[in-house]
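Colleague: Supplied in structure tokens, the structure appears directly below.
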Number of protein chains: 4
Amino acid sequence: MRVDLNCDMGESFGRWELGADAAIMPHISSANIACGAHAGDPKAMRATLRLARQHGVACGAHPGFADRAGFGRREIPTTPAEAGDLLLCQLGALHAIAMSEGVRLAHVKAHGALYNMAARDRALADAIASAVAAFDRSLTFFGLAGSVMLDAGRRAGLTVAAEGFADRAYEPDGALTPRSVAGSVIDDVDVVVARAVTMVREKRVRARNGADIRLDVDTLCVHGDTPGAERLAAALRAGLEHAGVRVSAFAKASAPGAGSEP
Amino acid sequence: MRVDLNCDMGESFGRWELGADAAIMPHISSANIACGAHAGDPKAMRATLRLARQHGVACGAHPGFADRAGFGRREIPTTPAEAGDLLLCQLGALHAIAMSEGVRLAHVKAHGALYNMAARDRALADAIASAVAAFDRSLTFFGLAGSVMLDAGRRAGLTVAAEGFADRAYEPDGALTPRSVAGSVIDDVDVVVARAVTMVREKRVRARNGADIRLDVDTLCVHGDTPGAERLAAALRAGLEHAGVRVSAFAKASAPGAGSEP
Amino acid sequence: MRVDLNCDMGESFGRWELGADAAIMPHISSANIACGAHAGDPKAMRATLRLARQHGVACGAHPGFADRAGFGRREIPTTPAEAGDLLLCQLGALHAIAMSEGVRLAHVKAHGALYNMAARDRALADAIASAVAAFDRSLTFFGLAGSVMLDAGRRAGLTVAAEGFADRAYEPDGALTPRSVAGSVIDDVDVVVARAVTMVREKRVRARNGADIRLDVDTLCVHGDTPGAERLAAALRAGLEHAGVRVSAFAKASAPGAGSEP
Amino acid sequence: MRVDLNCDMGESFGRWELGADAAIMPHISSANIACGAHAGDPKAMRATLRLARQHGVACGAHPGFADRAGFGRREIPTTPAEAGDLLLCQLGALHAIAMSEGVRLAHVKAHGALYNMAARDRALADAIASAVAAFDRSLTFFGLAGSVMLDAGRRAGLTVAAEGFADRAYEPDGALTPRSVAGSVIDDVDVVVARAVTMVREKRVRARNGADIRLDVDTLCVHGDTPGAERLAAALRAGLEHAGVRVSAFAKASAPGAGSEP
């Protein structure tokens, strides 16, 4: 029994630092690295790639809307074609920095509003999955467990990883409760760890209305930009391992030379 | 006897259109495509890649400072490491869009202030040449004829192309006369064509002080964002061919699968 | 019988030029000047203020979303408080340049998506009207004829100007037909002029379903960024004057020293 | 005997927080508020204005290069006219938010590279001083003690405040030692306080070569974005007051209605 622990990383920008990347990295297995559009910059990309390599953590691209002021969390009306191009430019940018570090990317996880929109909108999900596949068919595509993103990824010929959020409330239909709703983010570390263990071992989660819903997750998200994120990451890893769940990267980067050509 | 004709392309941005790309493309052999930092955006990149492919024109990356307001023409103080990363992110972005179009990039030419600074500053030239090599050793590196850029490119293991500017005045030391100096840009099409032919056939150019200086060029630049650029491009091509000079791309993209891995 | 002709102006950005401002200015009575967020920059602001002053055209602020890539036309989710602050910063910026030119602003017209959202959403309309009033109660607030913007402006204590669009199709409820619908933009200059005259003289417009709807307009919009905009502007002015309608600015700037303090 | 303590404030941007504004504000007398170009955004401007008002701290504009990635610390080649317009747009933006809070601005202090360039370049200093004067002649203009900025401010008809930096090393000619030089920033709080007291009481500072140079300062800068800035601010205030120096704002905002019209 195993699961991947992923965390958004590399979200500093110029003079502005964000996230406890160095403290969190030892506890996770996959790093989603901001690509300089909603957050991050070339320097942060490189530093994060190095930090991940040092800890044996799989690196992935974390593309989002080109909206620093909104941190990629505002749903900007976007055509599927625009979304695919947005993703390609960011994936390519991180890939290039990674090449110069001798690191190969293993996965792609859309960020914030782009992720949420793609989880609801099949055309958008198809566009971003196709963009990933056009770039490198060996990349794993992360998507919300139970959402159209996973179908879109498979349809594009990609390996997909179903993602769960142990610190977020769920609606009965499997959607995440919007952040604007009170109680949508769970702060109690013990509760989060318990939910994570249940998700992985029993493939279910309790929704906001009290009903259990089925959820089959390959990777769990740790939010890295909240206070205490490193404690949560450490507790999640310890709690999962204590419950007999091995934490390891879901996506493996392909060997150099393989898979990245059209 | 042959030469490459290159032109900066894809410099539109969102609602703003710039350059007569469609009218110029039939006359040139290499397109330097803006990568979304000083100019261009994903849509313009894709459109330009398609247009170039349609005309059999070699595609290259044209990275510049991330300075839309200054169109990449302001010399922003930058460390070599920052310049390399700047270049990698833009090269990677264009590469990713190109992959999804089935196009492979053939060359890299720095834009504006980044080009000018690298032509004077060996450390900067080394940094951007190394960045190109780290990404794909098969890319040709364009640099000002006679400048340290060419040494830097060779040192990084890259094929280099020496660039001449038929419509720009030269200083006796081979540097371009700064745009702020009156007469630095030559508007008379006949004069520009004559200078181009002399550059290619006789490997020399007349400097501003009247002295002939030696200049060995592989590629000539056509400025695409000036009024009448399409007429100049057509005249240059016709004039060169009339003088027995064949116009063809200097850089050839490597076959898919070759060269792009570290 | 009179009407104001307004046009969006000053939408160039750095190297990118947009709009036939110099050709249109002689025909209009109010210029809505981009404030450097969705379009424009300090240089364009100053040039446009000078051009307007030269032609005796009233100057107004034309604030929009801080979204150059989308030209302010994408509906970005925004709270009323954010919208008010967005407007204030842009209005203040243009006001400062105007002060240094000895020009006083006469009106404010929201741009693109911000305008469209405010025309539908009373809370947003209230927020931007209140922001204008907090800055300078003597400014006239432009809003879509028949929309909640006008009520919001009046409630904030502002003079309001009801705006009509002679070159846009209308829905039976008085809303503009979205640009995505075929036929939403009317290209035939004669038709546009005839609609303008009917709007002003008969206070009605024919909606897309053929029904006449009542529309009481103080100002008509000329779209300045479309090909042939200067011909349309000239034709509109000539047609209106031929029909006995005087074209003059609706909003007058207050005298220096008056009205601009809280 | 009195001096002003000023600190750069409001440098957060969207999701990114920077500076211990709430902890520092009680100790200073003037807040230089970022205007959304190199740092800050409308939300941060408003929050900082409120915080300053609450503590009776004078508010000023802190305009810098429109260069978030470089935090306004990169010297971007700029004409005097461009610098003046840059300043006006930012001053106007903050002024507009301030109007809506019932706060009047008292001073203007250029930020980072713009400040450093203006301290060396009289044409640039004249341009930004003239821009301030064109906007509101009652604003106080902050400039490096002993630099051309103060002459420029006086020439433009402004009250000027000479600024000293107790935590920065000085060159024998009165210029600040560049940050790139080791020892240019003084970390020892006791040393900084002692230097501040000497600057104010004895109108001199010891330069890097050991020589005493004369320095007549009206205001001392506290750097707010360094770790421990709040302790430094508190120590500076206590140390100055202990030495019989009263800390109070140099610049007073003019009464509403006065001074702000051309």
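Colleague: Assign one of three labels to the protein assembly as shown, namely rounded, prolate or oblate, based on the Cα gyration tensor with a ≥ b ≥ c the square roots of its eigenvalues; rounded applies when a/c is under 1.5, prolate when it is not and a/b is larger than b/c, and oblate otherwise.
Modeller: Working: a/c = 1.11, a/b = 1.06, b/c = 1.05.
Rounded, since a/c falls under 1.5.
Colleague: To continue, here is another question. So which residues of the range C:59-85 lose at least 50 Å² of accessible area, probe 1.4 Å, when you go from the chain by itself to every protein chain present?
Modeller: C:ARG74, C:ILE76, C:PRO77, C:ASP85
Colleague: While we're here: Taking B:PRO172 in one copy and the same position in all the others, each labelled 7 Å out along Cα→Cβ, what are the pairwise distances from the first, in nm, shortest first?
Modeller: Counterpart label points of B:PRO172 in the remaining copies fall at 3.7, 8.3, 8.8 nm.
Colleague: What lysines could a cross-link reach from B:LYS43, if we take a straight Cα to Cα line under 21 Å and drop same-chain neighbours fewer than 8 places away?
Modeller: B:LYS109
Colleague: Quick one: if you stick a label point 7 Å off each Cα along the C-beta vector at D:SER254 and C:HIS242, how many nm between them?
Modeller: Between D:SER254 and C:HIS242, the simple spin-label model gives 5.1 nm.
Colleague: Taking the Cα centre as origin and putting +1 on Lys and Arg beta-carbons and -1 on Asp and Glu beta-carbons, what dipole magnitude results for chain A, to the nearest 20 debye?
Modeller: Numbers: 29 positive and 30 negative charges, 78 e Å.
So the magnitude is around 380 debye.
Colleague: Per the helix-only calculation at 222 nm, which mean residue ellipticity applies to the protein assembly as shown, given -39500 (n - 2.57) for every DSSP H run of n ≥ 4 and division by its residues, nearest 500 deg cm²/dmol? If you can, show how the numbers build up before the last one.
Modeller: Working: 32 runs with 389 residues, N = 1048.
Value at 222 nm, helices only: -11500 deg cm²/dmol.
Colleague: I've got another one for you. Less than 12 Å apart at the alpha-carbon level, and either on another chain or at least 8 residues along: which aspartates and glutamates does that give for A:LYS252?
Modeller: Here the aspartates and glutamates satisfying the reach criterion relative to A:LYS252 are A:ASP4.
Colleague: Given a 1.4 Å probe, how much area per residue of the range B:183-262 is accessible, in Å²? Before the final figure, lay out the partial values.
Modeller: Details: 3960 Å² over 80 residues.
Roughly 49 Å² per residue, with all protein chains present.
Colleague: I would also like to ask the following. 7 Å along Cα→Cβ for the label point: how many nanometres lie between D:ARG208 and each equivalent label in the other copies, listed shortest first?
Modeller: 3.4, 5.9, 6.8
Colleague: By its C-alpha gyration tensor, with a ≥ b ≥ c as the square roots of the eigenvalues, how is chain B shaped: rounded for a/c under 1.5, else prolate for a/b larger than b/c, else oblate? Show your work: numbers first, answer last.
Modeller: Working: a/c = 1.39, a/b = 1.22, b/c = 1.13.
Here chain B falls in the rounded category.
Colleague: Along the charge dipole of chain C, pointing to its positive end and built from +1/-1 on Cβ of Lys, Arg, Asp and Glu, which listed residue (C:GLY224, C:GLY244, C:SER147) has its Cα farthest out?
Modeller: Selected residue: C:GLY244.
Colleague: To the nearest Å, what is the center-to-center distance of the range D:137-165 and the range A:130-203, using C-alpha atoms only?
Modeller: 57
Colleague: Next up: For chain D, calculate the relative contact order in percent as a whole number, restricting contacts to Cα pairs under 8 Å that are 6 or more residues apart.
Modeller: 23
Colleague: Here's a follow-up. Filter the DSSP H helices in chain D by two things, a Kyte-Doolittle mean of at least -0.5 and an axial alpha-carbon span of 27 angstrom or more, and list the hits by number. Display every interim value, and only then the final one.
Modeller: Working: long enough: D:80-101 (32 Å, 0.75).
Those that clear 27 Å and a mean of -0.5 are D:80-101.
Colleague: Right, something else. For C:ARG231 and B:ILE186, what is the calculated FRET efficiency with R₀ set at 41 Å and r taken between the beta-carbons, to the nearest 0.05?
Modeller: Values: r = 36 Å, r/R0 = 0.87.
Result of the calculation: an efficiency of 0.70.
Colleague: Okay, next question. Select from D:GLY239, D:GLY36, D:GLY143 the residue whose mean-square fluctuation is largest in a Gaussian network model of chain D (Cα-Cα springs shorter than 10 Å).
Modeller: Largest GNM mean-square fluctuation: D:GLY239.
Colleague: Considering only chain A, pick the residue with its Cβ nearest the axis of the rotation onto chain D, and state the distance in whole Å.
Modeller: A:TRP16, 2
Colleague: Using a 10 angstrom cutoff on alpha carbons, build the Gaussian network for chain B and name the most mobile of B:ASP190, B:ASP151, B:ASP216.
Modeller: The residue with the greatest mean-square fluctuation here is B:ASP190.
Colleague: Could you give the distance between the Cα centres of the range D:1-49 and the range A:1-77, to the whole Å?
Modeller: 28
Colleague: Shape call for the range C:1-144 from the C-alpha gyration tensor, a ≥ b ≥ c root eigenvalues: rounded (a/c under 1.5), prolate (a/b greater than b/c) or oblate? It would help to have the intermediate numbers written out before the result.
Modeller: Details: a/c = 1.56, a/b = 1.32, b/c = 1.18.
In terms of gyration-tensor shape, prolate.
Colleague: What are the distances, in nm and sorted shortest first, from the label point of B:GLY157 to the label points of the same position in each other copy, with each label point placed 7 Å from Cα along the Cα-to-Cβ direction?
Modeller: 3.0, 6.6, 7.2
Colleague: Also, I was wondering about something else. Can you work out ³J(HN,Hα) from phi for every residue in the range C:55-68, in order, using Karplus 6.51 cos²θ - 1.76 cosθ + 1.60 and θ = phi - 60°, giving whole Hz and x for Gly and Pro?
Modeller: For the range C:55-68, the Karplus curve yields 9, x, 9, 5, 9, x, 8, 10, x, x, 4, 7, 9, 4 Hz.
Colleague: What is the range B:1-148's relative contact order, in percent, from Cα pairs under 8 angstrom and six or more apart in sequence?
Modeller: On the way: 276 pairs, mean separation 31.1, N = 148.
21 percent.
Colleague: Assigning unit charges at the beta carbon (Lys, Arg +1; Asp, Glu -1) and nothing else, what dipole magnitude in debye, to the nearest 20, does the protein assembly as shown show about its Cα centre? Could the numbers behind the result be given before it?
Modeller: On the way: 116 positive and 120 negative charges, 0 e Å.
Value, rounded to 20: 0 debye.
Colleague: Among DSSP bridges having both ends in the protein assembly as shown, what percentage is antiparallel? Round to the nearest 5.
Modeller: Working: 24 of 127 bridges.
Bridges in the protein assembly as shown that DSSP calls antiparallel: roughly 20 percent.
Colleague: Out of B:ILE76, B:SER12, B:THR159, whose Cα points farthest toward the positive end of the dipole of the range B:2-247 (charges: +1 Lys, Arg; -1 Asp, Glu; placed on Cβ)?
Modeller: The listed residue farthest towards the positive side: B:THR159.
Colleague: Another one. As a test of the definition: with a 1.4 Å probe, what buried accessible area, both sides summed, do you compute for A against B, in Å² to the nearest 100?
Modeller: On the way: alone 11190 and 11200 Å², together 20540 Å².
About 1800 Å² of accessible surface is lost on pairing.
Colleague: Shifting gears a bit: When the Debye formula is applied to the Cα atoms of the range B:27-69, each taken as the same point scatterer, what base-10 log of I(q)/I(0) results at q = 0.25 Å⁻¹?
Modeller: Normalising to I(0) and taking log10 leaves -0.81.
Colleague: Name the aspartates and glutamates eligible as straight-distance cross-link partners of B:LYS203: C-alpha to C-alpha under 13 Å, and not fewer than 8 places from it in the same chain.
Modeller: Cross-link targets: B:GLU163, B:ASP212, B:ASP216, B:ASP218.
Colleague: Let me ask something else about it. Under the rule of at least 5 residues apart or a separate chain, name every residue whose amide H is placed under 5 Å from the amide H of D:CYS59.
Modeller: Under 5 Å from the amide H of D:CYS59 lie the amide H atoms of D:ALA31, D:ALA106, each far enough along the sequence or on another chain.
Colleague: What are the residues of the range D:88-109 that lose 50 Å² or more of accessible area, with a 1.4 Å probe, going from their chain alone to all protein chains?
Modeller: With the partner chains in place, the range D:88-109 has these residues losing at least 50 Å²: D:LEU88, D:CYS89, D:ALA96, D:MET99.
Colleague: Carbon and sulfur: what percent of the range C:2-247's accessible surface (1.4 Å probe)?
Modeller: On the way: 4290 of 8590 Å².
Carbon and sulfur: 50 percent of the exposed surface of the range C:2-247.
The values are calculated or read from the model by the stated rules, or taken from the named source; none is laboratory data. Small disclaimer: the values here were computed from a predicted structure and weren't measured. Methodologically, a virtual Cβ is constructed for each residue, glycine included, from the backbone with ideal geometry; neighbour enumeration extends over all protein chains shown. With ligands, DNA and RNA removed, areas are computed over all heavy atoms of the protein, side chains included. Shrake-Rupley method; radii C 1.70, N 1.55, O 1.52, S 1.80 Å.
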